[in-house]
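A short write-up of the structure that comes next.
Nothing in this text is a laboratory measurement; each read-out follows from the coordinates by a stated rule. Note that this is a predicted model, so its numbers are computed, not measured.
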Amino acid sequence: MRSATQSEKAAFVKELRDEGHKLNDLLNAIGLSRSTYYYELSKTDKVSERNADLTTEIIAIFNENKRRYGVRRVHRELINRGFNVNHKRVQRIMHQLALLGKRPKEKYHSYKGEVGKVADNIINRDFRTEQPLQKWTTDVSQFNLPWGKYYISPILDMNTNEIISYNLSLNPNLEQIKDMLTKAFKSFPSVKGLIMHSDQGWQYQHAFYRNELEKHGIIQSMSRKGNCYDNCIMETFFGRLKNEMFYGFEKDYPSFESFSNAIAEYIDYYNNRRIQAKTKWMPPSKFRKTSMMQI
């Protein structure tokens, strides 16, 4: 076992002194000179003072993002705000303050066998893109609340990670898919040549879905049966969504309306304010606009 450092001894003495013990007795017992004791305390005070502004900003960023950011995103946002700071220092301060991000859980499966036509796996785990509107992905995920189950069906751009459109519904039915596609094509009417990837869920085998993609010049792609890694980009979004606004917050949503409003607020935040490494530490929508200006 290692021996205590001078700094640790000084901190221990200060703690006992604050409880009413005499300083000279403590210093003699622990083998620390008075000058060393005050020197170590002054170093601690200087570190605390130097970290004061940084700590305040870290807490602000963490709370502004509803306790969703971990060390990496807090560090990048600090850099965006003009701080020149090492990520290990940010990590140390966040751990001292117990500011911890969230981690994901499970997934809903929509596969019901071959009920329509299964498309080839054109993506084949090649999620690389050169610009926005080249590859989209979609899936359905379930939320279990005390008063019922709800299903979200979004479309995500593989280049920007932006949510193109979504529908939140009581049932994972065809109307949900129709609404999702209508919103997507209203926002982006010219998508000829784009690849749309999904799993083999019954919705994506349906004639309506396939015909809508064909009508807009979209190439359909499907994951292999039961292989979640083939659509891991959407899996990652679902995990992030549930972690950051659902798990642990279920009691905050007493009705479908409150839950729907929370989903809308989160997706707006995700698209327009939440920074990501993949998008060069910009929000997805800003990264798309910047990328399209360069084409």
* Structure fact -> Quarter of the surface of the C-alpha convex hull for region 126-227, i.e. direction-averaged projected area in nm², equals 6.7
* **Long-range tail of P(r) for region 188-295 (Cα pairs > 20 Å, %)** => 60
* Structure fact -> Residues meeting the amide H criterion for residue 67 (H placed from the backbone, H to H distance under 5 Å, 5 or more places apart or on another chain) are none
* Asked: Rounded to the nearest 5, what % of the DSSP beta bridges within the chain are antiparallel ones?
  -> 70
* Using amide H atoms built 1.01 Å from N in the peptide plane, name the residues 5+ places from residue 167, or on other chains, whose amide H lies under 5 Å from its own. => 153
* Structure fact -> Taking Cα atoms, the helix 232-245 axis meets the longest principal axis of the chain at an angle in degrees (rounded to 10) of 50
* Relative contact order (percent) for the chain, with alpha-carbon contacts under 8 angstrom and 6 or more residues of separation? -> 16
* Structure fact -> Unit-weight point scatterers at every alpha-carbon of the chain, Debye formula, q = 0.10, 0.15, 0.16 1/Å: log10 I(q)/I(0) is -0.66, -1.17, -1.29
* So what are the ³J(HN,Hα) numbers for region 150-167, from phi and the Karplus equation (6.51, -1.76, 1.60; θ = phi - 60°), rounded to whole Hz, Gly and Pro as x? -> 9, 10, 10, 10, x, 10, 10, 7, 5, 7, 9, 6, 6, 7, 6, 6, 7, 9
* Okay, helix-only estimate at 222 nm for the chain: each DSSP H run of n ≥ 4 adds -39500 (n - 2.57), divide by all residues, round to 500 deg cm²/dmol; what do you get? -> -15000 deg cm²/dmol
* Structure fact -> In this structure, among 149/178; 117/186; 186/242; 117/278; 149/289, pairs with alpha-carbon gaps over 24 Å are 117/186; 186/242; 117/278; 149/289
* Structure fact -> The long-range amide H neighbours of residue 135, using H built 1.01 Å from N in the peptide plane and a cut-off of under 5 Å, are 158, 159, 195
